[in-house]
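Written out below as structure tokens is the structure these notes cover.
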Amino acid sequence: MLLTSYVLIAAAFAFAVSIGAHYTGACMGMPYAAGAIRPVRALVLMAPLALVGAVLASEGVETTVGHGILGSATVALGLALAIVLSALALTSAFNLLTIPTSTIQILVFSTVGAGLAAGLSVDWRTIETLLVLWAVAPFLAFALGFLFVRAADRRRPPSEGGRGLLRPAVFGLVAVGMAASFAMGANDVSNASGSLIMTGLFGLMAAALVGGLGLALGVLTWGKPLLERVAFRIVQLDPRMAIASQLAQAAVILAYVAFGYFTSMNQALVGAMIGVGVARGQKTVLWKAVRGILAGWAAGPLSGAALGFAVATVFGRLHWL
């Protein structure tokens, strides 16, 4: 039992590391793409903000993951380990392929699959709510990104501003990247720390601290490839479009977190990026890259449910649940 506890904590921390790396592009991709900040500085700035967001603003989301998905007051250590290992394996695979996907959707459906394999009830009302919120988020970010760019362009046409990066644009880009980094910590730490809460091993604050430290480490050690992917392969951006994209994403994420729910950082960002692209003409959007990311989103939940079910079934036969 004690060994299983240590293994679960290590696996949850490793998952947090993977998550932190996975979302570097979603948080600092816009400032980096626009040339407002260098990659190393972007990652060094992002890491502590993700930790602070995790510790200070994740309580509602952690409660949803820890107690709102499976209809059980506490979950066996072995089952929680099956969930984390499944989600960790899939997230790491997507990281290696540099495909931005939703770790949230992977985690939730890994939990559902593992819970069903263990014979636990699933709170389908929570799943239905999450599915609706996930579906809405990219369109909400799209609308906000579109409106932000249109409003800014009406105030000062792009031809007057040029493509040069002035000091206010630099500050604006870095500021929205910082906001997104804080939002990521609050939004995504529960993917890893939720397993520590659902087993009763840790309370909300301690679990958030462990997960937040993992996020920060992942940002610093493994984040650059995803930073490159999101920054340069989806939309051709000028500074105004980049600020609008990141601001729309952060607004959507923080609004969800405020109500105890979470959604995909990447989906919100890509929705916002497409919105600002459409505001300037659809030719600015690299649709081939977007289609590849959409394929990753579709594969994430399905693979999460399947792998969670399979791993939990194996653990059950080994009497580890």
Could you list which residues have their amide H under 5 Å from that of residue 70, counting only those 5 or more apart in sequence or on another chain, with H placed in the peptide plane?
-> 123
Fewest-first ordering of 243, 37 by Cβ atoms within 10 Å yields 37, 243
Under the Karplus relation 6.51 cos²θ - 1.76 cosθ + 1.60, θ = phi - 60°, what is the ordered set of whole-Hz ³J(HN,Hα) values for the range 66-79, x standing for Gly and Pro?
-> x, 10, x, 9, 9, x, 9, 4, 9, 10, 4, 4, x, 5
From the backbone phi of the range 265-280, what are the Karplus-calculated ³J(HN,Hα) couplings (6.51 cos²θ - 1.76 cosθ + 1.60, θ = phi - 60°) in whole Hz, Gly and Pro given as x?
-> 4, 5, 5, 5, 5, 5, x, 5, 5, 5, x, 5, x, 5, 4, 9
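What ranking do 86, 193, 72 get, fewest neighbouring Cβ atoms within 10 angstrom at the top?
72, 86, 193
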Once phi is turned into ³J(HN,Hα) by the Karplus curve 6.51 cos²θ - 1.76 cosθ + 1.60 with θ = phi - 60°, what whole-Hz value does each residue of the range 135-146 show in order, with x for glycine and proline?
-> 5, 6, 3, x, 6, 5, 5, 4, 4, 5, x, 4
GNM result for the chain, Cα springs below 10 Å: residue of 154, 38, 280 fluctuating most strongly = 154
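Can you sort 311, 40, 7, 210 so the residue with the fewest Cβ neighbours within 10 Å comes first?
Ordered from fewest to most neighbouring Cβ atoms within 10 Å, 311, 40, 7, 210 come out as 40, 7, 210, 311.
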Treating only Lys and Arg (+1) and Asp and Glu (-1) as charged, each at its beta carbon, one finds that the chain has a dipole about its Cα centre, in Debye to the nearest 20, of 1160
May I ask you to compute the full-extension gain from residue 74 to residue 122, defined as 0.36 nm times their residue separation minus their alpha-carbon distance, rounded to one decimal in nm?
-> 16.0 nm
Of 138, 127, 149, whose Cα points farthest to the positive end of the dipole of the range 125-191 (charges on the beta-carbon: +1 Lys, Arg; -1 Asp, Glu; origin at the Cα centre)?
-> 149
Longest principal axis of the chain (C-alpha) makes with the long axis of helix 103-117 (C-alpha) an angle, in degrees to the nearest 10, of 20
Name the long-range amide H neighbours of residue 118: under 5 Å, sequence gap of 5 or more, or other chain; modelled H, no Pro or chain starts.
-> none
Please identify, among 65, 278, 257, the residue showing maximal mean-square fluctuation in a Gaussian network model of the chain using a 10 angstrom Cα cutoff.
-> 278
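Rule-based calculations on the coordinates, nothing more; no lab input. Note that the coordinates shown come from a computational prediction; the quantities given were computed from them, not determined experimentally. Counting neighbours? That spans all protein chains shown, and the Cβs are built from the backbone with ideal geometry, glycine included.
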